[in-house]
Amino acid sequence: MTIKRLFDIPHHALETYPKSDMFVTKYHGEWKKTSTQEFINEANKISRGLLKLGIKPGDKIALITTNSRTEWAIMDLGLSQIGVVSVPVYPNISPEDYEFIFTNAEIKYCFVSDKDLLNKVVKVKHNIPSLQGIFTFDNISGAPNWKEILDLGEDDSTQIEVEDLSNAINSEDLATIIYTSGTTGKPKGVMLTHHNIVSNILGSIPRIPRKKSLDYKDTRVLSFLPICHIFERMLFYLFQYNGFSIYFAESIDKMGENVKEVKPHYMSVVPRLVEKVYDKIYATGSSAGGLKQKIFFWALDLISKKKTVSKPSGLKEIIADKLVFKKWREGLGGEIITLVSGSAALSTRLNLMFQNAGIPVLEGYGLTETSPVISVNAFGKMKIGTVGLPLDNLQVKIQEDGEITVKGPSIFKGYFKNDEMTKEAFTNDGYFRNRRHRTY
């Protein structure tokens, strides 16, 4: 089937890659699987329930979760297939920013994961005229639970209404508004259409390596970065498209434990996490004492001298790999195909070290306004210290002052309720101006 809207992806997955563990979240110490069919069924209930609440296409609903979880995925699909615009919000911003975003976007309902987030929203609820209700994913005494919407949509006799609305949605329709952090002023609402994100997914797929011997049914992803960020969210859709199982990590503090349990093939990371992993490896190796400590530093010295990426060759490198670097890989579950790194520049030294330790890292570059990937490295075309080549469906132009500008189908629709800022964001010939990044 042709993928034109975000909600086409789960149906493509059901048709092509049906599985029993499309999404997996840990509740009370146990991993709970949701199949592809269950995912779609639950999302249909959400759609029907929201329609009974009076929600209409174009309405805005906020999603806020401390850690990514299956409920978020179900809500996202339930919203998008009836034309509701999702507004994912960072959990750690101030109540004042919540108030601004909710008011600016005219949020009708909000779904939060836990009590702390509920309290933050309740604190400013009285200042937000459009906000009609708040639902929680966790069971919280006295708070409406998201299962009330599922129950409201249990009767499938109105499913035809959901399908009619889905059929009427155009790929150029607004899918989501993602607010920037607001570090230099009030948060800006970045408007992304279905076509923006879908084109970025399809453009990025050739850059993600596949292991021919690995069946899609056995392919696992560990997701822990905030799903409200377009980087993790685009990959969330890309992994669905490929039929990979997505396991949501419990928290950054439990990453080590979750990695050993899931044994992921893919993980998205930020440079700070890679640095933390290395710091932990170094601390363990340098405190081992005796012969183990000497072997660790010998192997580290050996790999640090390599200036290019290559498989272990020669007796010394083979021994170092078996005694030291194999343990690095086991620390990440032992089955990693690649880490995908974004959001900031990764140290070239560290990148090269991980690559030569048998832990490939694909480093990329992009922004929320570009849905997000502009360029990313790929196996066979890897150049350490760079962010790779632009996606094939994008045009990148370096302006005379060194500013990186880009044009293509994944470039955002504009800033919500801010035509002046939208106009300033583009050159006269239609290239998006990334004022923060220049080449020199």
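The figures follow:
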read-out	value
Pick from the stretch 151-178, criterion touching a residue at least 40 places away in the same chain (Cβ under 8 Å), among the hydrophobic types (A, V, I, L, M, F, W, C) and part of a helix (DSSP H, G or I), ranking: surrounded by the most Cβ atoms within 10 Å (Cβ to Cβ)	162
Residues (closer than 18 Å to residue 37 by Cβ and either assigned to a strand (DSSP E or B) or among the acidic types (Asp, Glu) (or both)) located in the stretch 71-95	71, 76
Filtered residue count, the stretch 315-348, keeping only those that are part of a helix (DSSP H, G or I) and touching a residue at least 40 places away in the same chain (Cβ under 8 Å)	2
Of all residues making up the stretch 260-284, the number that are assigned to a helix (DSSP H, G or I), open to solvent by less than 60 Å² (accessible area, probe 1.4 Å) and modelled with pLDDT of 95 or more	1
Top-ranked residue in the stretch 230-255 [being without any contact (Cβ under 8 Å) to a residue 60 or more places away in the chain and either acidic (Asp, Glu) or over 20 Å from residue 393 (Cα atoms) (or both); ranked as most open to solvent (accessible area, probe 1.4 Å)]	253
Matching entry among 68, 20 (being assigned to a loop (DSSP other than H, G, I, E, B) and more than 19 Å from the chain's Cα centre (by Cα))	20
Which numbered condition residue 380 fails, given (1) open to solvent by 50 Å² or more (accessible area, probe 1.4 Å); (2) assigned to a strand (DSSP E or B)	(2)
Leading residue by the ranking (nearest to residue 215 (Cα to Cα)) among those in the stretch 285-336 that are under 32 Å from the mean Cα position of the chain (by Cα) and open to solvent by 90 Å² or more (accessible area, probe 1.4 Å)	330
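Here's the yes/no breakdown for (1) open to solvent by less than 60 Å² (accessible area, probe 1.4 Å); (2) within 25 Å of the chain's Cα centre (by Cα); (3) at negative phi:
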{"residue": "106", "(1), (2), (3)": "no, yes, no"}
{"residue": "110", "(1), (2), (3)": "yes, yes, yes"}
{"residue": "115", "(1), (2), (3)": "no, yes, yes"}
{"residue": "120", "(1), (2), (3)": "yes, yes, yes"}
{"residue": "125", "(1), (2), (3)": "no, no, yes"}
{"residue": "128", "(1), (2), (3)": "yes, no, yes"}
{"residue": "140", "(1), (2), (3)": "yes, no, yes"}
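The values are calculated or read from the model by the stated rules, or taken from the named source; none is laboratory data. Keep in mind that what you see is a predicted model, and the values were worked out from it rather than measured. Every residue, glycine among them, receives a Cβ derived from its backbone with ideal geometry; neighbour counts consider all protein chains shown. Note: areas computed on protein heavy atoms with side chains; ligands, DNA, RNA excluded. Shrake-Rupley method; radii C 1.70, N 1.55, O 1.52, S 1.80 Å.
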